[in-house]
Amino acid sequence: MVTATRMFHLVCHMIKVKRLHSQDSVFPSSGCESFLPLSLCTPMTEQQPSVLLNTGAQMPLLGLGTFRLRGSEETQRVVDAALTAGYRAFDTAAVYRNEADLGCALRDLLPKHGLTRDDIFITSKLGPRDQGSKAQQGCTQSLEQLGFDYIDLYLIHWPGTQGLGVGDKRNIENRAKSWAALEEFYAAGKFRAIGVSNYTPGHLNELLQMCQVRPAVLQVEFHPKLAQRELRELCRELGMCFQAYSSLGAGALLTDPVVLGVAGEWGRSSAQILLRWALQQGVPVLPKSSQPERVGENAQVFDFHLSEEEMERLSALDCGEKYCWDPSAVA
């Protein structure tokens with residue numbers, strides 16, 4: 001049940017949207033204005049905005065995460081639900097072992113939804129086993145598995161190398177070789193943008209000292225209990241897009257009392273509140289689910305606007321808690 005106070009905020013926000021639309025602004029309810037210049041936020045679909053990367057490519061603020069999505073039947077079902085709900089970005093990785101299923105599902109389903117390859121944004125990632133001298137092979141394999149001529153965004157998934165200890169200095173050399181491979185595929189037009197995932201400020205600064213092409217995206221764990229302020233500021237300074245994964249804190253934040261309180265005031269799910277908290281700061285998100293109804297629910301995050309007080313309540317949860325992987329020890 002939406003409270004009278006919440007209804008007042010919603011009406012005020014609708015008035016704000018109407019005024020901004022009359023000035024040819026685009027999707028002000030996305031919250032991009034609180035973190036990115038409005039000029040960087042443009043419509044990707046009728047309902048969902050995108051962010052302009054430093055390559056000139058447009059990346060939707062909302063994408064479907066596919067971690068743990070398994071099998072062609074499940075992938076088809078979830079991708080169909082996502083396209084129906086308006087998703088136009090899909091995030092996979094070599095280590096997810098579902099690149100081929102995702103590519104097949106998209107080829108089958110895009111015509112059904114009146115879409116083409118150019119209407120969607122696909123991200124994949126180089127696996128730690130291919131870090132270093134095997135990077136070119138890994139990049140080629142991702143392209144072949146997906147079955148498309150290009151990948152919109154390709155990331156180095158992890159700063160370490162499978163089989164090496166986290167403190168092994170060879171990780172540094174391998175990262176450099178991997179980035180050089182990504183740059184080659186970018187120059188050839190096979191990757192439209194390149195970036196990294198799970199990098200620390202130290203890893204990023206090291207990359208910037210040797211790269212020919214600056215990374216377009218940094219994808220890391222991000223939620224109210226892990227605000228990543230240093231990394232976000234660094235990305236802002238470097239013109240990189242800061243993108244979130246595990247926005248729900250691996251599910252742990254869905255039952256947090258503060259999150260539940262805000263969700264109750266809005267009559268929304270905890271997941272929608274957590275996603276909105278990130279989006280309202282201009283941070284792209286990648287919610288994942290194998291349940292079509294949840295996929296649709298997670299897309300309904302552009303029609304409400306959290307108040308400043310609600311944003312502060314959620315942000316006050318920040319305590320540096322990680323629910324996923326910690327790359328800080330990787331040399």
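Segment 20-101 holds strands (runs of 3 or more DSSP E) entirely within its bounds, and those carrying 3 or more residues that are open to solvent by less than 50 Å² (accessible area, probe 1.4 Å), at pLDDT 90 or above and within 16 Å of CYS241 (Cβ to Cβ) map to 49-52. Residues considered: LEU248, LEU274, LEU260. Of these, the only one that is over 30 Å from PHE185 (Cβ atoms), touching a Pro at 6+ places or on another chain (Cβ under 9 Å) and either without any contact (Cβ under 8 Å) to a residue 12 or more places away in the chain or open to solvent by less than 10 Å² (accessible area, probe 1.4 Å) (or both) is LEU274.
Any residue at all in segment 219-242 that is among the β-branched types (Val, Ile, Thr) and within 18 Å of the chain's Cα centre (by Cα)? Scanning segment 219-242, I find at least one residue that is among the β-branched types (Val, Ile, Thr) and within 18 Å of the chain's Cα centre (by Cα), so the answer is yes. Could you look through segment 102-116, keep only residues that are out of contact with any Asp or Glu (no Cβ under 8 Å at 6 or more places or on another chain) and assigned to a helix (DSSP H, G or I), and pick out the one that is surrounded by the fewest Cβ atoms within 10 Å (Cβ to Cβ)? For segment 102-116, the residue satisfying everything is PRO111.
Residues in segment 203-226 that are in contact with a Gly (Cβ under 9 Å, 6 or more places away or on another chain) and either assigned to a helix (DSSP H, G or I) or crowded, with 18+ Cβ neighbours inside 10 Å (or both): PRO215, ALA216, VAL217, LEU218, GLN219, GLU221, HIS223, PRO224, LYS225, LEU226.
Each residue in segment 290-312 was checked for being open to solvent by 30 Å² or more (accessible area, probe 1.4 Å) and over 21 Å from ARG232 (Cβ atoms), and 9 pass.
Within segment 128-178, the residues that satisfy the criterion of being within 25 Å of ASN54 (Cβ to Cβ) and part of a loop (DSSP other than H, G, I, E, B) are GLN131, PHE148, ASP149, TYR150, ASP152, HIS157, TRP158, PRO159. Filter segment 292-331 down to the residues that are under 15 Å from VAL259 (Cα atoms) and hydroxyl-bearing (Ser, Thr, Tyr) and list them by number. Result: SER307, SER315. Could you give me the residue pairs with C-beta distances under 8 Å whose first residue belongs to segment 178-190 and is surrounded by fewer than 16 Cβ atoms within 10 Å (Cβ to Cβ), whose second residue is small (Gly, Ala, Ser) and in a helix (DSSP H, G or I) wherever it lies, and which are 6+ apart or on separate chains? What qualifies is ALA180/ALA135.
Can we say GLY282 is modelled with pLDDT of 95 or more and on the phi > 0 side of the Ramachandran plot? Against the criterion (modelled with pLDDT of 95 or more and on the phi > 0 side of the Ramachandran plot), GLY282 qualifies.
Tell me which residues, restricted to segment 119-142, are open to solvent by less than 20 Å² (accessible area, probe 1.4 Å) and closer than 21 Å to GLY65 by Cα.
Passing the criteria: ILE120, PHE121, ILE122, THR123, SER124, LYS125, LEU126, GLY127, GLY138, CYS139, SER142.
Considering only residues that are closer than 24 Å to ARG68 by Cα, part of a loop (DSSP other than H, G, I, E, B) and in contact with a Leu (Cβ under 6 Å, 6 or more places away or on another chain), which ones fall in segment 249-286? PRO284 - this is the single residue of segment 249-286 that is closer than 24 Å to ARG68 by Cα, part of a loop (DSSP other than H, G, I, E, B) and in contact with a Leu (Cβ under 6 Å, 6 or more places away or on another chain).
Only a single criterion out of (1) in a loop (DSSP other than H, G, I, E, B); (2) farther than 30 Å from SER178 by Cα; (3) touching a residue at least 60 places away in the same chain (Cβ under 8 Å) is not satisfied by GLY296, namely (1). For segment 152-169, filtering for residues that are in contact (Cβ under 8 Å) with a residue 12 or more places away in the chain and exposed (fewer than 15 other Cβ atoms within 10 Å of the Cβ) leaves 5.
Of all the numbered requirements in (1) over 16 Å from PRO327 (Cα atoms); (2) surrounded by 15 or more Cβ atoms within 10 Å (Cβ to Cβ), GLY147 misses one, and that requirement is (2).
The values are calculated or read from the model by the stated rules, or taken from the named source; none is laboratory data. Just so it is clear, the model here is predicted, and its values are computed rather than measured. We place every Cβ from the backbone using ideal geometry, glycine too, and count neighbours over all the protein chains shown. Just the protein is used for accessible areas: all its heavy atoms, side chains included, with ligands, DNA and RNA removed. Shrake-Rupley method; radii C 1.70, N 1.55, O 1.52, S 1.80 Å.
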